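These notes concern the structure reproduced below.
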Amino acid sequence: MGNLKATNRLKIEERIDCDTSRLYNSLDDAIKYLQHIKSIYPTASLDEHWTGYEDMEMTFVFYRDETDDEMLARLEKIKRDEERAAEEREKAALREQRYKQYASLKKEFG
């Protein structure tokens, strides 16, 4: 699966909970904590994630390429959705054709 084109991949947002007790502490402890997070997630940023009018969680956010499995699952879902939409269009066209046939027969035979 490693031969899938990287250009087809989406960026996936990842969020990691922030331990605010370590962040809202002495500057030395907060710096150590942030350096630790940066060593694991070098591109992460600190974000206020609002879940309501007054409800907020601090999270670290970073983006990564979707995995082969995630990309294949997404492409399969797109394919299934397109097939389902084509079937629905075909059913609607058939229904319209049958209705026109019914209307024509009703007009002819009363």
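The values are calculated or read from the model by the stated rules, or taken from the named source; none is laboratory data. What you are looking at is a predicted structure, and each value in this text was computed from that prediction instead of being measured. Don't worry about glycine lacking a Cβ; one is built from the backbone with ideal geometry, like all the others, and counts go over all protein chains shown.
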Practice item. Determine whether segment 76-84 contains at least one residue that is touching a strand residue (DSSP E or B) at 6+ places or on another chain (Cβ under 9 Å) and not small (Gly, Ala, Ser). Key: no
Practice item. Output the residue which, of all residues in segment 1-29 that are within 25 Å of LEU75 (Cβ to Cβ) and part of a loop (DSSP other than H, G, I, E, B), is modelled with the lowest pLDDT. Key: MET1
Practice item. Please name all residue pairs, on different chains or six or more residues apart, with Cβ atoms under 7 Å, provided the first residue is in segment 33-57 and is assigned by TED's automatic domain parsing to the domain that holds CYS18 and under 13 Å from THR20 (Cβ atoms) and the second residue is among the hydroxyl-bearing types (Ser, Thr, Tyr) and exposed (fewer than 10 other Cβ atoms within 10 Å of the Cβ). Key: GLU57/THR51
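If you go through segment 60-98 one residue at a time, how many are of a type in the set (Val, Ile, Thr) and either at pLDDT 95 or above or assigned to a helix (DSSP H, G or I) (or both)?
2
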Review point. Consider GLN101 against the criteria (1) more than 20 Å from ASP17 (Cα to Cα); (2) within 19 Å of the chain's Cα centre (by Cα): it satisfies all of them except one. Which criterion is unmet?
Key: (2)
